[in-house]
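*Asks:* My structure is below; once you've seen it, I'll send some questions.
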Amino acid sequence: MTALIERLQEIVGSGGWTSDPQDLKPHLTEWRGVYEGRTPIMLKPRSTDEVVAIVDACAENNTPIVPQGGNTGMCGGAIPDESGKQVILNLSNLNRIRDVDAENFSMTVEAGCILAAAQEAATAAGRYLPLSLGAEGSCQIGGNIATNAGGINVGRYGTARSLVLGLEVVLADGTVMNSLRSLRKDTAGYDLKQLFIGSEGTLGIITAASLRLFPDPGEMATALVGIESAGAAVKLLGGLKTKLDDRIESFELVSRRVFNLVEKHIPNATIPFAEEYPWYVLIETATGGDPQILENALLQEAEHGRLLDALIAKNSTEAANLWRLRHSIAEAERQEGKALKHDISVPLSRMQEFLLKGDELLERLRPDARLIAFGHVGDGNLHYNVVLPRELAVEEWVAEGERITRALYDLVDSFNGSFSAEHGVGQSKRAYLASYRAGPELNLMRSLKNLLDPANILNPGKVI
Ligand code: FAD
Ligand code: MLT
Ligand code: ZN
């Protein structure tokens, strides 16, 4: 391995690698501290050519590569295993914005570009990159695409997949698939870029992407609404959609218990209602020049009994405060301690039924468990997280966790839902992919993996 390490160091040059335990530390543990791995070296290439040379060298030595972006992923996908033999390929230095084409409503960025930086570049050109999530200050475009990230604007603009027009990908054999075209229409054969979106570094290394941009949506109206149940949220969304149509940018559901955690752990976070409600929705709409548009629509919804209370942000500071509450959930949950994270989706029309069945299930399996539910309800995507009693011994926690998760995913499956809505599979859900996608789907996934990476050097132990 020493010869390989020396060759890799030469490829990236000084400043392009580290083996220093202190530097490596944050790259060997994921954001929630659930997975920990080891590596002999982390490489930070500055060009696609350097990525190619790294892949060639590792392929010759049969050494696995773990691509890593901002390391904000939730499933351990960017963390090497404990063997100490997997090399981390961190994309942070490959971060240029190659081009913003305002007339074509597109931009071309390198994989290591931080999402917030890409958003800013689009805004500076009078355009809008709608992908938005709590980790946008540190996650990277390559990681967003590799996980097919969702976030808060999916209802209107779709997931990362729908924003990708073209990709540049380094394949396991060291060739570069350059489909970095900025076209809306292209029926020339199979749409190969789709394979790499959501593949979590197991099929190729994304080095650049061409992204779809939108017109600036202009002024926004933001409201926090108190509601009775998750089912009421679905009805409210239906009512608002008929009035506001695609002006609805975000529609985020949060349970009271989740906001309690935010108030407990996040400094100066206060839910701005005098009364408590069982559930809340945070709604953002483009006003289209009519600042009253959301308020009027909510008043009509209130007449139909679809909400209990509503607070409209009076200015951008109030709106930002509301969004701070929402974006702090992951941090508050992390500080509270380990939860069983379930990132699931079911058809929107069956959300309320699912929640009722989920409650029954939890009550039956573990009456002392606490449900922490929030999510992107407009997309049918819930973060249905479960906190087990702190007193459980580690082995019991693990066994109970597996029992509850399996029963819950069976329930999701019976709704024709997904056990992985937006965070991906990584290490944590690999066994579940094998059971819930078993049959022709999984066989085809395995065939594709074998075809594209026969020696299994790209992120082995993840996804498949
Ligand atoms: P990493 O964590 O570094 O990597 C994720 C996976 O992608 C790994 O398997 C890695 O190997 C692979 N990968 C990374 N870069 C590349 C590349 N260039 N080529 C090939 N493979 C690559 N996710 C959502 O979907 N919606 C949310 O609302 C959301 N909110 C979040 C809020 C917080 C506070 C946090 C911490 C996370 C949140 N996430 C959310 C999860 C996470 O931020 C996203 O999944 C994000 O897209 C990961 O990007 P990253 O650059 O950090 O990728
Ligand atoms: C969110 O919606 O806040 C994210 O997906 C993060 C999380 O699930 O914790
Ligand atoms: Zn989410």
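*Asks:* Can you find, within segment 242-273, the residue that is most open to solvent (accessible area, probe 1.4 Å) among those that are charged (D, E, K, R) and under 30 Å from GLN292 (Cβ atoms)? Walk me through it before giving the result.
*Replies:* The first filter runs over segment 242-273 and keeps only residues charged (D, E, K, R), leaving 243, 245-247, 249, 252, 256-257, 263-264.
From what is left, the residues that are under 30 Å from GLN292 (Cβ atoms) are 243, 245-247, 249, 252, 256.
Values: LYS243: 75, ASP245: 103, ASP246: 84, ARG247: 86, GLU249: 5, GLU252: 2, ARG256: 30 Å².
So, considering only residues that are charged (D, E, K, R) and under 30 Å from GLN292 (Cβ atoms), the one most open to solvent (accessible area, probe 1.4 Å) is ASP245.
*Asks:* So in segment 213-232, with the set limited to residues that are surrounded by 20 or more Cβ atoms within 10 Å (Cβ to Cβ) and at pLDDT below 95, which one is farthest from GLY289 (Cα to Cα)?
*Replies:* Out of the qualifying residues, it is ALA230.
*Asks:* A follow-up question, please. Scan segment 106-119 and tell me whether some residue there is under 15 Å from the mean Cα position of the chain (by Cα), open to solvent by 40 Å² or more (accessible area, probe 1.4 Å) and either within 16 Å of ligand 3 (Cβ to nearest atom) or modelled with pLDDT of 95 or more (or both).
*Replies:* Yes, that holds for at least one residue.
*Asks:* Give the residue that is nearest to ligand 2 (Cβ to nearest atom), with candidates limited to residues of segment 305-331 that are acidic (Asp, Glu) and either crowded, with 20+ Cβ neighbours inside 10 Å or over 21 Å from the mean Cα position of the chain (by Cα) (or both). Spell out how you get there, then give the answer.
*Replies:* First, pick out the residues of segment 305-331 that are acidic (Asp, Glu): 309, 318, 331.
Retained after the next criterion (residues that are either crowded, with 20+ Cβ neighbours inside 10 Å or over 21 Å from the mean Cα position of the chain (by Cα) (or both)): 309, 318.
Values: ASP309: 23, GLU318: 21 Å.
Result: GLU318.
*Asks:* Follow-up question, since we're still on this one. ALA407 is checked against (1) of a type outside the set (Asp, Glu); (2) out of contact with any helix residue (DSSP H, G or I) (no Cβ under 8 Å at 6 or more places or on another chain); (3) at pLDDT 95 or above and fails just one. What number does that condition carry?
*Replies:* Tallying (1) of a type outside the set (Asp, Glu); (2) out of contact with any helix residue (DSSP H, G or I) (no Cβ under 8 Å at 6 or more places or on another chain); (3) at pLDDT 95 or above, ALA407 fails exactly one: (2).
*Asks:* With the requirement that a residue be touching a residue at least 60 places away in the same chain (Cβ under 8 Å) and surrounded by fewer than 21 Cβ atoms within 10 Å (Cβ to Cβ), what does segment 429-452 give you?
*Replies:* Once the filter is applied, which keeps residues that are touching a residue at least 60 places away in the same chain (Cβ under 8 Å) and surrounded by fewer than 21 Cβ atoms within 10 Å (Cβ to Cβ), segment 429-452 yields LEU448, LYS449, LEU452.
*Asks:* Can you tell which of LEU203, LEU180, LEU165, LEU171 is touching a residue at least 24 places away in the same chain (Cβ under 8 Å), closer than 18 Å to ALA78 by Cβ and open to solvent by less than 60 Å² (accessible area, probe 1.4 Å)?
*Replies:* Being touching a residue at least 24 places away in the same chain (Cβ under 8 Å), closer than 18 Å to ALA78 by Cβ and open to solvent by less than 60 Å² (accessible area, probe 1.4 Å) holds for just one of LEU203, LEU180, LEU165, LEU171, which is LEU203.
*Asks:* State yes or no: is SER418 hydroxyl-bearing (Ser, Thr, Tyr), closer than 20 Å to ASN148 by Cα and out of contact with any strand residue (DSSP E or B) (no Cβ under 9 Å at 6 or more places or on another chain)?
*Replies:* Taking the combined requirement at face value, the residue does not satisfy it.
*Asks:* Out of curiosity, is SER328 at negative phi and within 16 Å of ligand 1 (Cβ to nearest atom)?
*Replies:* Details: at negative phi: yes; within 16 Å of ligand 1 (Cβ to nearest atom): yes.
Criteria met by SER328.
*Asks:* Something else about it: Quick one: which residue in GLY112, GLY69, GLY73, GLY126 is within 14 Å of ligand 1 (Cβ to nearest atom) and over 17 Å from ALA208 (Cα atoms)?
*Replies:* GLY73
*Asks:* Filtering segment 40-59 down to residues that are open to solvent by 50 Å² or more (accessible area, probe 1.4 Å) and touching a residue at least 24 places away in the same chain (Cβ under 8 Å), which residue is farthest from ligand 1 (Cβ to nearest atom)?
*Replies:* ASP56
*Asks:* Being touching a residue at least 24 places away in the same chain (Cβ under 8 Å) and within 16 Å of ligand 1 (Cβ to nearest atom) is true for just one of ALA286, ALA313, ALA269, ALA319. Which residue is that? Spell out how you get there, then give the answer.
*Replies:* Details: ALA286 fails: within 16 Å of ligand 1 (Cβ to nearest atom); ALA313 fails: within 16 Å of ligand 1 (Cβ to nearest atom); ALA319 fails: within 16 Å of ligand 1 (Cβ to nearest atom).
One residue alone meets the criteria, ALA269.
*Asks:* Output the residues belonging to segment 413-441 that are assigned to a helix (DSSP H, G or I) and either within 16 Å of ligand 3 (Cβ to nearest atom) or of a type outside the set (A, V, I, L, M, F, W, C) (or both).
*Replies:* Let us first name the residues in segment 413-441 that are assigned to a helix (DSSP H, G or I), namely 413-414, 430-436, 440-441.
Those that are assigned to a helix (DSSP H, G or I) and either within 16 Å of ligand 3 (Cβ to nearest atom) or of a type outside the set (A, V, I, L, M, F, W, C) (or both): ASP413, SER414, ARG430, TYR432, SER435, TYR436, PRO440, GLU441.
*Asks:* Next question, about the same structure. May I ask you to list the residues in segment 332-382 that are open to solvent by 10 Å² or more (accessible area, probe 1.4 Å), assigned to a helix (DSSP H, G or I), among the hydrophobic types (A, V, I, L, M, F, W, C) and within 16 Å of ligand 3 (Cβ to nearest atom)?
*Replies:* LEU348
*Asks:* Within 16 Å of ligand 3 (Cβ to nearest atom), of a type outside the set (Phe, Trp, Tyr) and not in a helix (DSSP H, G or I) - does that describe any residue in segment 387-407?
*Replies:* no
*Asks:* So is PHE196 touching a Gly at 6+ places or on another chain (Cβ under 7 Å), open to solvent by 10 Å² or more (accessible area, probe 1.4 Å) and without any contact (Cβ under 8 Å) to a residue 60 or more places away in the chain or not?
*Replies:* For PHE196, the condition - touching a Gly at 6+ places or on another chain (Cβ under 7 Å), open to solvent by 10 Å² or more (accessible area, probe 1.4 Å) and without any contact (Cβ under 8 Å) to a residue 60 or more places away in the chain - is not met.
*Asks:* Select, from GLY16, GLY84, GLY37, GLY73, the only residue that is within 21 Å of the chain's Cα centre (by Cα) and either under 30 Å from LEU340 (Cα atoms) or open to solvent by less than 50 Å² (accessible area, probe 1.4 Å) (or both).
*Replies:* When all the criteria are applied, what remains is GLY73.
*Asks:* Then there is this: Looking for whichever is in contact (Cβ under 8 Å) with a residue 60 or more places away in the chain, surrounded by 20 or more Cβ atoms within 10 Å (Cβ to Cβ) and either closer than 16 Å to LEU91 by Cβ or away from ligand 2 (no atom under 16 Å from the Cβ) (or both) here; the options are ILE141, ILE152. Which one fits?
*Replies:* Just one listed residue meets the conditions, ILE141.
The values are calculated or read from the model by the stated rules, or taken from the named source; none is laboratory data. Computed from a predicted structure; not experimentally measured. Ideal geometry is used to build each Cβ from the backbone, glycine not excepted, and the neighbour counts take in all protein chains shown. Areas reflect the complete protein model, heavy atoms only, side chains present, ligands, DNA and RNA absent. Shrake-Rupley method; radii C 1.70, N 1.55, O 1.52, S 1.80 Å.
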